1. If you take the Cα Rg of region 168-234 and divide it by 2.2 N^0.38 Å, with N the number of residues, what do you get?
2. At 20 °C and 1.002 mPa s, what whole-number value in µm²/s does Stokes-Einstein give for the translational diffusion of region 24-74, with Rh from the Kirkwood sum over Cα pairs?
3. Mind checking which of 203, 108, 33 has the largest fluctuation in a GNM of the chain, springs on alpha carbons under 10 Å?
4. Rounded to two decimals, what is the ratio between the C-alpha radius of gyration of region 119-267 and 2.2 N^0.38 Å?
5. Rg and Dmax in Å for region 230-305, alpha carbons only: what are they?
6. What does the charge add up to near residue 268, with Lys and Arg as +1, Asp and Glu as -1, over the other residues with Cβ less than 12 Å from its Cβ?
7. Take region 1-122, drop everything but the C-alpha atoms, weight them equally and run the Debye formula without solvent; then report log10 I(q)/I(0) at 0.14, 0.20 Å⁻¹ to two decimals.
8. Checking understanding here: applying a Kyte-Doolittle mean of at least 0.5 and a length along the axis of at least 18 Å (C-alpha), which whole DSSP H helices in the chain pass?
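None of the figures in this text is laboratory data; all of them are computed from the coordinates on show. As the structure is a prediction and not an experimental result, all values here were calculated from the model. Here the Cβ positions follow ideal geometry from the backbone for every residue, glycine too, while neighbour counts run over all protein chains shown.
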Amino acid sequence: MPRRIILDCDPGHDDAMAILLAHGSPEVELVAITTVAGNQTLDKTSRNAQRVATVAGIRDVPVAAGCDRPLLRELVTAADVHGTSGLDGHQWEDPTVPLAPTHAVDLIVELAMAGDVTLVPVGPLTNLAMALRREPRLADRVQEVVLMGGSFTRGNRTPAAEFNILVDPEAAAIVFEAGWPLTMVGLDLTHQALATPEVVARIRGLGTPLARTVVDLLEFYGARTPAGLAGAPVHDPCAVARVVRPELVECLPAFVAVETHGRWTSGMTVVDFRAERPNAQVATRLDVDGFWDLMVGAIERIGGG
Ligand code: RIB
Ligand code: CA
C-alpha cells in the first residue's frame with residue numbers, strides 16, 4: 001500500500017522538486033499539498049504550488065494555503081535564492097489547479113485525524129505547530145513527521161540556523177517537542193543531493209516539456225549555489241525520498257532541541273546523538289546515485305508537463 005503523505009511546502013525551487021518526486025513515486029500517495037510563508041510570501045508560495053501541480057498534471061490533490069507569517073516573528077523570505085516570484089527561471093502559464101477553500105491547518109487536521117498519514121513539511125513549521133494547537137491529539141494519530149530542516153553542524157541562513165527553522169523557531173520547537181515519530185532531514189544530508197551539471201544534463205535528456213521546466217528551474221537555482229558546492233543542493237526532495245525509499249537516507253537516533261532565545265544562535269537545532277531518550281531520527285548519509293535515480297525516474301514517469 002502506498003504511504004499517504006501531506007506535503008507542506010513553501011515553493012521554492014527545491015519544494016517544486018519535492019512535489020514532483022511525491023507525485024511521480026508510486027510508493028507514496030500525495031493526499032494534499034499545503035503551503036506556508038517562507039521562501040516567499042504565502043500568496044506567492046501558494047501560486048507556485050498551483051503552477052507546479054498544473055504542469056505536473058496533479059488534478060485530484062487539494063492545494064490549500066496556510067499561515068502567512070510565523071507564530072511570533074516577522075516573516076523572513078529568501079528572494080535572493082528563489083527570486084521575486086519564489087519560482088523564478090521559467091515562463092509559467094496561468095495555473096489551472098485551484099486553491100482549496102479550506103485553510104491548510106484545518107485540512108491537515110481533518111486528513112491526519114482520519115489516520116494513516118505521514119506529514120512531510122519542507123518549509124517553516126508554522127502550519128504544523130498551529131495544527132497541533134488546533135488538535136493536540138494529532139501527535140498520536142500521525143504516522144510520522146519527516147521534515148526538511150535543521151542541521152547538526154552549521155546553518156545556511158546564519159552560521160547556526162537552517163532557513164526553515166530560523167523563520168519560525170517557536171513553531172519548530174513545538175513540532176520537535178510533540179512526541180510524535182519524527183525524522184529530521186537536515187543540511188548535513190541535503191548537501192549531498194547536488195544538482196550538478198551532469199544531473200541537469202540527465203534531466204534535460206528526458207526531452208519532455210516537464211523535464212525542460214525542471215531544467216529551467218535548476219539553472220536559475222543553480223546560479224545561486226553556495227560557494228564550495230559542486231551543484232545546487234535540492235533539499236526538499238530528500239525528505240520525500242526518505243518516505244519513498246527509506247534505505248536511501250541513513251539516520252541515527254538523537255535528541256534535538258530548537259534554540260529560540262539565542263542572540264546569535266536562534267533557530268539552531270541542537271542535536272545530541274548520545275542522548276538516552278532520543279526524540280528524532282536524524283539523517284546522516286544519502287545514497288546519492290539512488291536518490292537521483294528516484295528523482296529522474298519520477299520526472300520521467302510524470303512525463304508531459
Ligand atoms: O534551508 C533549505 C530550506 O529552506 C528548503 O526547504 C528551501 O526550500 C527553503 O525553504
Ligand atoms: Ca522549502
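1. My calculation over the Cα atoms of region 168-234 gives 1.49.
2. On the way: Rh = 11.9 Å.
Calculated translational D: 179 µm²/s.
3. Checking each option, the largest mean-square fluctuation is seen for 203.
4. 1.13
5. When restricted to the Cα atoms of region 230-305, Rg and Dmax are 16.1, 49 Å.
6. Taking every other residue near residue 268 into account, the sum is +1.
7. -0.54, -1.09
8. Counting only whole DSSP H runs, the qualifying helices are 209-222, 288-302.
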